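Visitor: Structure incoming, see below.
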Amino acid sequence: MAHLVAFLSVLGLASAATTLSAASNVGQSTVNNYPPAGTAADSVLFPPESVVGFAGPTPTGLEPAAAQTAPSYPYASGDANSFPLIAGAPHGEGVDSSFNIKNYWGNLSPWRSLASADYGLPDASPLIPAGCNIVQMHLLYRHGARYPTSGAAPATFAQKLANATKTGLAFSGELSFLADWSYKLGAELLTPFGRSQNFMLGVAYRQLYGELLNNFTETKTIPVFRTESQDRMVKTAENFAAGFFGVPEYMDQVNIEILVETPGLNNSGAPYEVCNNSNIATRGSIGTTVAAKFALDAFNATLARLNSQVVGLDFTPSDAIGMLQLCSYETHALGYSKFCNLFTQQDFLNYEYYYDLSFYYNNGPGSPVSAAQGKAYLQEYLARFTHKYPSPFSALNETFDNSSTYFPLNQSIYADATHEVVVLDTLTAFNLTALFDGPPLSPTGDQSRNTFGASKLVPFATHFTTQVLECPAYQPTKQIRFIVNDAVVPISKSYKDCPADKDGLCSFDNVVSVLTDRMNEIDYDYDCFANYTASAGVDYNGRAPHS
């Protein structure tokens with residue numbers, strides 16, 4: 001593509017560096033469409049295995065039970081956890097930089113294993129403690145990497161560039177790549193890497209907990225796994241199931257229940273659709289406001305540097321967020337992004353804290369509605385333990401939750417797909433305070449005094465696991481514990497009568513009692529519909545303030 005080449009001196013600037021005028025299509029969306037219209041796989045000319053036959057020997061083996069039998073745990077860390085993404089080094093650093101920018105993208109980070117030691121359990125492991133046997137596993141997990149949501153900052157940034165080309169736009173230095181840059185991202189859908197995250201999560205959980213399928217064999221049933229109706233959520237559940245059961249076996253070996261996600265319709269996987277206060281700036285969205293205010297002065301030095309390399313517009317703090325998000329999203333969708341190299345280590349630290357503020361105050365303990373939004377899953381979770389259908393005093397859908405077909409109460413494996421905000425709402429509703437230990441996040445800057453981190457708790461493919469165990473050495477023998485992204489979460493400080501335990505265990509009956517009390521104290525109607533005012537700087541424990 002031909003560009004008009006000039007010199008900064010001609011444009012009235014001090015440097016003599018080459019400046020590239022922006023092409024006319026800069027910032028415009030470009031797409032590829034596959035498969036071609038009117039095409040489809042031909043199962044007659046290319047018949048499946050079931051028609052061709054000659055499959056050879058197919059005896060099955062023992063179900064894997066690595067969580068029970070392995071001598072060490074397969075922690076997901078390092079480059080292997082983000083293969084095949086290539087993330088550049090921060091501005092001013094070489095490719096050998098030890099600073100992993102992917103760990104500072106907030107909810108846009110790929111998930112990684114967390115350390116139990118970081119939450120006070122240095123000797124704990126996700127492996128089943130010696131002397132115990134697993135009898136049930138519950139999994140609540142997020143979809144993998146996706147395109148931006150519709151109308152998000154990256155598309156807004158691209159449109160700003162497209163508009164500026166009409167009046168003259170030019171770039172130099174580090175920004176020269178923008179002279180012919182186009183917007184290559186779709187919206188909402190899973191990326192190939194995102195699909196792989198959920199598929200590999202399924203593989204991992206079959207490897208860890210496959211023996212629990214024997215319970216279904218004994219009862220002559222197959223599991224019900226749940227998700228929401230958005231395309232990325234359906235594909236998330238399907239990819240997880242494909243990894244867990246295999247392809248095409250998953251099509252016959254699990255029932256995938258798709259709950260409609262739309263405004264006004266109850267759904268535990270999307271409770272914000274019916275919680276009116278969730279999107280009010282002085283209530284459920286205080287995090288959005290405080291994060292935007294923090295960003296106003298967080299990137300001043302970098303904005304000054306970048307603005308010296310563009311003619312025809314000024315980059316603003318919201319543009320900095322847009323470009324940082326393009327770093328994240330383009331890496332997830334395209335494998336690499338030149339936007340990443342524009343930002344320093346401090347920029348990425350501030351980018352992470354921007355998300356920390358947003359999620360802590362929108363869906364964490366600093367939110368007045370988070371516990372109410374997490375109450376629906378908490379109710380469903382307890383129903384599976386008490387074998388009683390949940391009462392409709394939250395965002396759960398009673399039509400489905402009052403049926404053994406759609407809401408079985410006796411499964412040994414549960415897997416529910418949802419969004420990151422709901423995972424965090426749930427962790428708050430469960431009162432897992434070790435994940436948020438410390439004073440409320442400061443609206444003005446990171447003081448590193450709280451264990452909370454958005455990239456730790458709400459990254460792409462984040463997952464919250466419950467292990468129910470039989471431990472003959474304990475009294476009572478039935479025990480339970482919680483695991484978030486491979487970190488065992490201690491509960492002795494926030495759950496009454498749960499003693500400190502090096503493996504994070506507590507009596508099953510006691511945990512059910514504590515969570516039942518928590519469920520009953522969450523006033524869904526008040527928190528989601530009452531007229532009150534909340535503000536940043538307060539740990540509400542996920543509950544609305546009362547005057």
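The values are calculated or read from the model by the stated rules, or taken from the named source; none is laboratory data. Just so we're clear, the structure is a prediction, and the values are computed from it rather than from any experiment. Because the Cβ atoms are built from the backbone with ideal geometry, glycine has one as well, and the counts that use them run over all protein chains shown. What goes into the accessible areas is simple: the full protein's heavy atoms, side chains included, and nothing from ligands, DNA or RNA. Shrake-Rupley method; radii C 1.70, N 1.55, O 1.52, S 1.80 Å.
Visitor: Would you tell me the accessible area of Tyr540, worked out with a 1.4 angstrom probe on the heavy atoms of the protein chains, in Å² to the nearest 10?
Guide: Ignoring ligands and nucleic acids, Tyr540 comes out at about 40 Å².
Visitor: Which whole-Hz ³J(HN,Hα) couplings does region 210-225 yield from phi under the Karplus relation 6.51 cos²θ - 1.76 cosθ + 1.60, θ = phi - 60°, glycine and proline marked x?
Guide: Residue by residue, region 210-225 yields x, 4, 5, 5, 4, 5, 5, 4, 5, 8, 6, 10, 10, x, 10, 9 Hz.
Visitor: Taking amide H atoms as placed 1.01 Å from N in the peptide plane, list the residues 5 or more away in sequence, or in a different chain, whose amide H sits under 5 Å from that of Val135.
Guide: Val468, Leu469, Glu470
Visitor: Give me the one-decimal Kirkwood hydrodynamic radius in Å for region 129-244, with the sum taken over alpha-carbon pairs.
Guide: 17.8 Å
Visitor: Here's a follow-up. Given the rule -39500 (n - 2.57) for each run of at least 4 DSSP H residues, summed and divided by the residues of the chain, what is its mean residue ellipticity at 222 nm, to the nearest 500 deg cm²/dmol?
Guide: Taken over the chain, the calculation gives -9500 deg cm²/dmol.
Visitor: A follow-up question, please. Taking square-rooted eigenvalues a ≥ b ≥ c of the alpha carbon gyration tensor, is region 46-153 rounded, prolate or oblate, where a/c under 1.5 means rounded and, failing that, a/b exceeding b/c means prolate?
Guide: oblate
Visitor: Roughly how many Å² is the accessible area per residue of region 328-395, as a whole number, for a 1.4 Å probe?
Guide: Roughly 25 Å² per residue, with all protein chains present.
Visitor: Could you give the Stokes-Einstein D for the chain in µm² per second, using the C-alpha Kirkwood radius, 4 °C, 1.567 mPa s?
Guide: D, rounded to a whole number, is 52 µm²/s.
Visitor: Does region 227-271 come out rounded, prolate or oblate by the C-alpha gyration tensor, with a ≥ b ≥ c the root eigenvalues, rounded set by a/c under 1.5 and, if not, prolate when a/b is larger than b/c and oblate if not?
Guide: Prolate, because a/c is 1.5 or more and a/b exceeds b/c.
Visitor: Go through region 530-545 residue by residue and turn each phi into a ³J(HN,Hα) via Karplus (6.51, -1.76, 1.60, θ = phi - 60°); whole Hz please, and just put x for glycine and proline.
Guide: Values, residue by residue: 6, 9, 8, 10, 10, 9, 5, x, 10, 8, 8, 6, x, 10, 5, x Hz.
Visitor: Also: Any idea of Arg305's accessible area? Nearest 10 Å², probe 1.4 Å.
Guide: My reading of the accessible area for Arg305 is about 50 Å².
Visitor: Rolling a 1.4 angstrom probe over the protein chains, ignoring ligands and nucleic acids, what is the accessible area of Trp111 in square angstrom, nearest 10?
Guide: 30 Å²
Visitor: Students sometimes get this wrong: rank Ile86, Ile101, Ile256 by accessible area, probe 1.4 Å, all chains present, largest first.
Guide: Greatest to least solvent exposure: Ile86, Ile256, Ile101.
Visitor: Here's a follow-up. Where does each of 211-218, 25-32, 228-235, 125-132 land if you order them by average Cβ count within 10 Å, highest first?
Guide: 228-235, 125-132, 211-218, 25-32
Visitor: Follow-up question, since we're still on this one. With a 1.4 Å probe and all protein chains left in place, how much of the accessible area of region 226-309 comes from carbon and sulfur atoms, in whole percent?
Guide: Here it works out to 54 percent.
Visitor: Just to confirm the number: angle between the C-alpha axis of helix 508-521 and the first principal axis of the chain, 0 to 90 degrees, nearest 10?
Guide: Roughly 60 degrees, rounded to the nearest 10.
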